[in-house]
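Please read the structure below before turning to the comments.
All of the numbers you see were taken from the coordinates with simple rules; none came from a lab. In this text, all values refer to a predicted model and were calculated from it rather than measured experimentally. Cβ sites come from the backbone with ideal geometry, for glycine too, and all protein chains shown count toward neighbours.
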Amino acid sequence: MEKKLADITWRDGIAIVAIDSPPVNALSNRVRSELGRALQHACATPGVRGIILLCKGRTFFAGADIKEIGKAKDWPDLIELGDLIEQAPAPVVAAMHGSAFGGGLELALACHYRVAVPSAKVGLPEVNLGLIPGGGGTQRLPRIIGAAKALDVIAFGRPLPASQAHVLGLIDSLVDEQDLAWGAVQFLQSKLDTQHAVVPVRDRSDALAEARHDPGLFERFRAENKRVLRGLDAPEAAICAIEAAVNMPFEAGLAFEHEQFVALAASSQSAARRYAFFAERNSVKVPDIPAGTPALTIDSVAVIGGGLMGTGIATCFLAAGIAVTLIEQSSEALERGVAAVDRNLASAVKRGQLTSSKQAAARTRLEPTINIGAVAEADLVIEAVFEHMDAKQALFRSIAGIVKPTALIASNTSFLDIDKLAASISRPERFLGLHFFSPANVMPLLEIVRGAFTSSSAIVTALKIAQKIGKTPVLAGNCPGFIANRAMAARSQLVGTLLLDGFTPQEIDEASVAFGFPMGPFQMTDLVGLEVAASTPTGEDSMGILRTLIASGRVGQKAGRGYYDYGNDRVPVPSPEVAALLAKLSTGRKPDWTAATIAEYQLFPVVNEATRILEEGFAVRASDIDVAIMLGYGWPAATGGPMFWADSIGLDRVVSGLRVLAERYGVTYAPCALLERLAQGGGRLHEVQSARFADVNVAGR
């Protein structure tokens, strides 16, 4: 007999309807069905004075069941649940803890009141799946907090801490963290005592008044966020749906929301975003690691190097509640490093990722020192010094006899040979790469690089660490550049060649931005610095263009001159000096390609190199590569990453384009064997698992 998911208890005429469907109380068909019957029973009970809706376990309803999108739904769907709640004979209170996201928050919005514990988070993140709320969220939220605020919440899909939601008026009261049910009962009792008439959210209009007197609100929002929302279907649909809430009756607005949701659910962008969602969750599954492999306990971390990367890495662990020893060679360098950590923590507070009290607590966990012997107490030692093999090897040799035998040792190298570094210590099974992307305290990707001797326990530990510090881990094999850097280096090589053919940096960058990247390759090089780009062996300096620009002082945005010229506003402006240099080097055989062709031709080599990575066994699965390149390089998630995108446009088209490039620029661009085989056989690249792991049962962590 299946476990009952819904339970009702009574307190002085108040029904407490509790759902218990671990792990996250997702609003699946079965959960909705049992919840609907429980609400009907509570509503039909004589003398019912009020109803409280809450969840057991670690969270309130964390959203709908994504796997059910596009499938037939049993009674009741979210709209019908909302109707049940709004038609209840007594006020209904949603009592929230954990994460009330998506359909979970939509259900709460249908309730007459909402309370939450201070640690709760709420949000409507559907745009991150290429969708909009489909259970009335676009119609009810503006009626509670106003259209202008609802635009920010829904169009960007960002989660809100309970304190901020309370200020917005989305949450009516914050209650005791230790007894949510009691707090909800007390809140409801206070409302019952006032005998104040309860108005269903659908019938409220006061919060819409401001938008109804501001007809330019929606066009202003579009204009102000044009760059961020460019080319994305879901945010535009969200804007239109909120506009409908302002201008249409509730039922008409609800019907409009449904039409938009159905159209988006069938779109290529939503398919790509949902694929990316599951790909991120699959990246923690490593097929050749036995289930039950123990993880090591990591209570303290030593970070060697107080530069940009080291301080960013330190910030990640401090914010996650882990003690960090930051080690530098001099007091001056250490002082700069500590100041950088302080700035990082302050920025986290400003972004709403940390409270002031948690910032202060994190700061107390930092132990700065110039004593390298401090690594002796660390459970994990991370090296983040200059990217030079000899320097790193010397460092590892110097600490090999100091670290405790149980400690993990990691390098933050972005392209050096992990096995050569591991040879510097006596226990290579405890050595691995932890490749953070810059800035480490902001970028979500962590490539975990497995060497020839890295133990399964070390990998499992790294996967758990990544999740602890809020990173998405991707396991990579030991090859130059690992996954993201190696694959994207193919683009760097191609665009350098395109410059020699007569294309301008702005033509190439504009094509990339039109495709969906936040910036083009030359804008990115200017941002990180030409000297940094020139130091990476995974890149390509065609005909010495980089070296020539660096020699003339054009080192990037920081100098006001790189591939572009920059004023105080840091807006890139085409440079006559760079144009003159490129004109001298031009082959004079610029092809007549459209912007779309330029974008595709600079990305086809990425697909090809990514497929080689898979073919050679340096990635577990194609979807891991998509995750790495989306999170590490800003590849537009609306296309699902290079592997998914290649399938969506047709592998035969990719292979054909690569052959054009190979004929024009050499065999480097010839399609690899796996790509050709899949194209010929009608295979799907994004579903491929590396042959190295194909016959191994997946052990999820």
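Using the number of other C-beta atoms within 10 angstrom as an exposure proxy, rank 206, 77 with the fewest first. If you can, show how the numbers build up before the last one.
On the way: 206 10, 77 19.
Ordered by Cβ neighbours within 10 Å, fewest first: 206, 77.
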Between residue 467 and residue 597, what length in nm is gained on full extension when 0.36 nm per residue of separation is reduced by their alpha carbon distance?
42.9 nm
What net charge is computed for the residues neighbouring residue 206, neighbours being all others with C-beta under 14 Å from the C-beta of residue 206, Lys and Arg scored +1, Asp and Glu -1?
+4
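For the peptides 597-603, 659-665, 453-459, 672-678, what is the packing order when you average, over each peptide's residues, the other Cβ atoms within 10 Å and list the highest mean first? Display every interim value, and only then the final one.
Values: 597-603: 21.3, 659-665: 15.1, 453-459: 19.6, 672-678: 18.0.
Sorting 597-603, 659-665, 453-459, 672-678 by mean packing, highest first, produces 597-603, 453-459, 672-678, 659-665.
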Check cross-link reach from residue 3 to the aspartates and glutamates: straight Cα distance under 14 Å, and skip same-chain residues fewer than eight apart.
20, 34
Can you give me the long-range amide H partners of residue 52? Hydrogens built in the peptide plane at 1.01 Å from N, cutoff under 5 Å, separation of 5 or more residues or another chain.
15, 16, 17, 93
Would you list which lysines come within 30 Å of residue 468, measuring only between C-alpha atoms, while excluding same-chain residues fewer than 8 positions from it?
56, 67, 121, 285, 350, 358, 392, 404, 420
Could you work out the per residue convex hull volume over the alpha carbons of region 476-621, in cubic angstrom?
116
Checked region 438-497 with the C-alpha gyration tensor, a ≥ b ≥ c its square-rooted eigenvalues, rounded below a/c of 1.5, otherwise prolate if a/b is larger than b/c and oblate if not; verdict oblate
Going by average Cβ density within 10 Å per residue, which order do the peptides 34-45, 362-373 take, highest to lowest?
34-45, 362-373
Counting only residues 5 or more places away or on other chains, whose amide H sits under 5 Å from the amide H of residue 449 once H atoms are built in the peptide plane?
433, 434, 435, 476
With θ taken as phi - 60° and the coefficients 6.51, -1.76 and 1.60, list the Karplus ³J(HN,Hα) couplings across region 43-57 in order, rounded to whole Hz; mark glycine and proline as x.
5, 8, 6, x, x, 4, 9, x, 10, 10, 10, 9, 10, 8, x
Using Cα positions and a limit of under 18 Å, work out the lysines in reach of residue 226, with same-chain residues fewer than 8 apart set aside.
149
May I ask you to work out the translational diffusion coefficient for region 6-266 at 25 °C, viscosity 0.890 mPa s, via Stokes-Einstein with Rh from the Kirkwood sum over Cα pairs, reported in whole µm²/s?
134
What are the extents of the Cα atoms of region 503-585 along their three principal axes, in Å, largest first?
30, 29, 24
Roughly how many whole Å is it from the C-alpha centroid of region 61-137 to that of region 216-233?
26
Kindly rank 611-619, 170-178, 96-104 from highest to lowest mean number of other beta carbons found within 10 Å of each residue.
96-104, 611-619, 170-178
Using θ = phi - 60° and the Karplus form 6.51 cos²θ - 1.76 cosθ + 1.60, what ³J(HN,Hα) does each residue of region 551-567 get, whole Hz, x for Gly and Pro?
4, 8, x, 8, 9, x, 4, 4, 9, x, 8, x, 5, 10, 9, 9, x
Measure nothing but the geometry: give the 0 to 90° angle between the long axis through the Cα atoms of 651-665 and the longest principal axis through the Cα atoms of the chain, rounded to 10°.
30
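With runs of 4+ DSSP H residues as the only contributors, calculate the mean residue ellipticity of the chain at 222 nm using -39,500 (n - 2.57) per run, divided by the residue total and rounded to the nearest 500. Kindly include the intermediate steps, with their values, before the conclusion.
Numbers: 30 runs with 330 residues, N = 701.
About -14500 deg cm²/dmol.
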Using only the alpha-carbon atoms of region 330-457 as identical scatterers, what base-10 log of I(q)/I(0) does the Debye formula give at q = 0.09, 0.11, 0.12, 0.16 Å⁻¹?
-0.30, -0.45, -0.53, -0.92
Using Stokes-Einstein with the Kirkwood hydrodynamic radius over Cα pairs, what translational diffusion coefficient do you get for the chain at 20 °C and a viscosity of 1.002 mPa s, in µm²/s rounded to a whole number?
77
To the nearest 10 degrees, how steeply does helix 331-350 sit against the main Cα axis of the chain, on a 0 to 90 scale?
30
List every residue whose amide H lies under 5 Å from the amide H of residue 501, counting only residues 5 or more places away in sequence or on a different chain, with H placed 1.01 Å from N in the peptide plane.
587
For region 88-94, 3J(HN,Hα) per residue [Karplus equation, 6.51 cos²θ - 1.76 cosθ + 1.60, θ = phi - 60°, Hz, x = Gly/Pro]:
4, x, 9, x, 10, 10, 8
